[in-house]
């Protein structure tokens, strides 16, 4: 029976097709796993200007990664990736020369495989100009000095911050 199959007219073309299929089949290599270590620096910049006049605590803001982050010579976070941050503290300027306050913290970024990397120990902060002394002087002299407001805090677009990876995170590379 085996000899009949081998000598049949269809056997050789079928074997040739199977050999071609095996040779041209796409082989997928297993993905390489690397670990972004806790404390790895990720350089970023703020994408929009924020002011204590308009920003609210809890508001989400975007940062852009300025340089590739590599582990073992392979990019794990690409330059241009968008990181999510949050306004941690925002106080408007007030009467009696009280200055505005603003603080932003970077929270997360997506790695090249889509893994969310949590960030820590990073923030941008600014305080407006305090005008308490001049406000007191004008209050004593003309009774309306208490109406003088302090300056607003403002963090401009492009402000640089270095975020740090909060915990060891595994990334799958293709």
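No value in this document is a laboratory result; all are computed from the given coordinates. From a predicted model like this one, the values you see are computed outputs, not experimental measurements. FYI the Cβ positions are ideal-geometry reconstructions off the backbone, even for glycines, and counts take in every protein chain you see.
Want the number for residue 115 to residue 64: 0.36 nm per residue separation, take away the alpha-carbon distance, what's left?
16.7 nm
By counting other Cβ atoms within 10 Å of each Cβ, how are 65, 106 ranked from fewest to most?
On the way: 65 19, 106 25.
Lowest to highest Cβ neighbour count: 65, 106.
Would you order 19, 9, 87 from fewest to most other beta-carbon atoms within 10 Å of each residue's own beta-carbon?
Listing 19, 9, 87 from fewest to most nearby Cβ atoms yields 9, 19, 87.
Can you tell me the FRET efficiency between residue 78 and residue 53 if r is taken as the Cβ-Cβ distance and R0 is 35 Å, rounded to the nearest 0.05?
With a Förster radius of 35 Å, E is 0.55.
Expressed in nm to one decimal, what extension gain is obtained for the pair residue 160 and residue 21 from 0.36 nm per residue of sequence separation less their Cα-Cα distance?
44.7 nm
Testing the spin-label approximation: label points 7 Å from Cα along Cα→Cβ at residue 11 and residue 37. State their distance in nm.
6.2
Please arrange 23, 173, 18 by counting, for each residue, the other beta carbons lying within 10 Å of its beta carbon, fewest first.
If I rank by nearby Cβ atoms, fewest first, I get 23, 18, 173.
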